[in-house]
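**Student:** Here it is, the structure, as structure tokens.
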Amino acid sequence: MKRLLLPSCLAIAAVAGCSSGSAAPSCTPFKAVTGDFDGYHAWPLTMSYDDPAVMGSPHTSGPRQVFLNQAPPHGATEFPVGTIIVKEIGPGPATSDTTFAMVKDGCGFNADGAVGWEWYDLQNNADGSLTILWHGSQPPPGQSYSGDPTSCNTCHSQGTSNDSVQAWPLLSGF
């Protein structure tokens with residue numbers, strides 16, 4: 001009986017300690033799944049570019065479209081958790097374009113790069129479905145961002161004044 005009493009008391013003490021008002025606030029990250037990208041071609045905010053090479057990188061040159069699932073609130077200094085930005089690179093159709101996304105996970109994800117953002121490599125399939133090829137704080141070994149040998153963080157972490165987003169200015173009057 002004494003053997004059972006001590007572990008029970010410790011468990012109660014641990015729970016009581018966790019419920020005190022001094023605990024740090026919890027953070028619930030947003031982790032995108034395939035369905036979160038469904039219908040991105042119909043999202044209300046879209047930008048199109050057809051620029052010559054910028055910085056000599058294949059992911060910033062030529063025709064591309066950028067889709068945003070939600071605008072930040074007016075006057076915001078960062079994009080809200082759950083923001084998804086999809087970029088298609090190429091003249092179309094989407095099944096032959098290179099498609100990447102950045103998703104605002106929040107909660108300090110990617111703390112050594114574009115803080116709060118996770119990168120996705122997507123494939124639009126002929127049947128209309130979408131496949132996530134990879135995601136994370138950087139491409140996995142052997143993968144790249146549209147042939148660019150640098151990681152996504154290399155460029156995006158330079159845009160800290162715009163929450164690491166290079167294509168969608170926060171201060172554009174949303």
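**Student:** Any chance you could count how many residues in segment 79-92 are surrounded by fewer than 22 Cβ atoms within 10 Å (Cβ to Cβ) and modelled with pLDDT of 90 or more?
**Tutor:** Total satisfying the criteria: 4.
**Student:** Would you check which residues across segment 97-119 are in contact with a strand residue (DSSP E or B) (Cβ under 7 Å, 6 or more places away or on another chain) and either free of Cβ contacts under 8 Å to residues at least 12 places away in the same chain or not aromatic (Phe, Trp, Tyr) (or both) and list them?
**Tutor:** Asp97, Thr98, Thr99, Ala101, Met102, Val103, Lys104, Asp105, Asn110, Gly116, Glu118
**Student:** Here's a check for you: in segment 58-109, which residue that is of a type in the set (Gly, Ala, Ser) and not in a loop (DSSP other than H, G, I, E, B) is farthest from Leu170 (Cα to Cα)?
**Tutor:** By that ranking, first place goes to Gly62.
**Student:** How many residues, within segment 150-174, are part of a loop (DSSP other than H, G, I, E, B) and modelled with pLDDT of 80 or more?
**Tutor:** So the count comes out to 4.
**Student:** Report yes if Asp112 is modelled with pLDDT of 95 or more and farther than 28 Å from Asp50 by Cα, otherwise no.
**Tutor:** Criteria not met by Asp112.
**Student:** Anything in segment 20-69 that is modelled with pLDDT under 60 and among the hydroxyl-bearing types (Ser, Thr, Tyr)? List them, or say none.
**Tutor:** Matches in segment 20-69: Ser20, Ser22, Ser57.
**Student:** Select from segment 116-148 the residues that are modelled with pLDDT under 85 and not acidic (Asp, Glu) and list them in ascending order.
**Tutor:** Gln138, Pro139, Pro140, Pro141, Gly142, Gln143, Ser144, Tyr145, Ser146, Gly147
**Student:** Could you say which residue among Asp121, Asp127, Asp112 is assigned to a strand (DSSP E or B) and not small (Gly, Ala, Ser)?
**Tutor:** Details: Asp127 fails: assigned to a strand (DSSP E or B); Asp112 fails: assigned to a strand (DSSP E or B).
Asp121 is the lone residue from the list that is assigned to a strand (DSSP E or B) and not small (Gly, Ala, Ser).
The values are calculated or read from the model by the stated rules, or taken from the named source; none is laboratory data. In this text, all values refer to a predicted model and were calculated from it rather than measured experimentally. Using ideal geometry, Cβ is built from the backbone for each residue, glycine included, and neighbour counts are taken over all protein chains shown.
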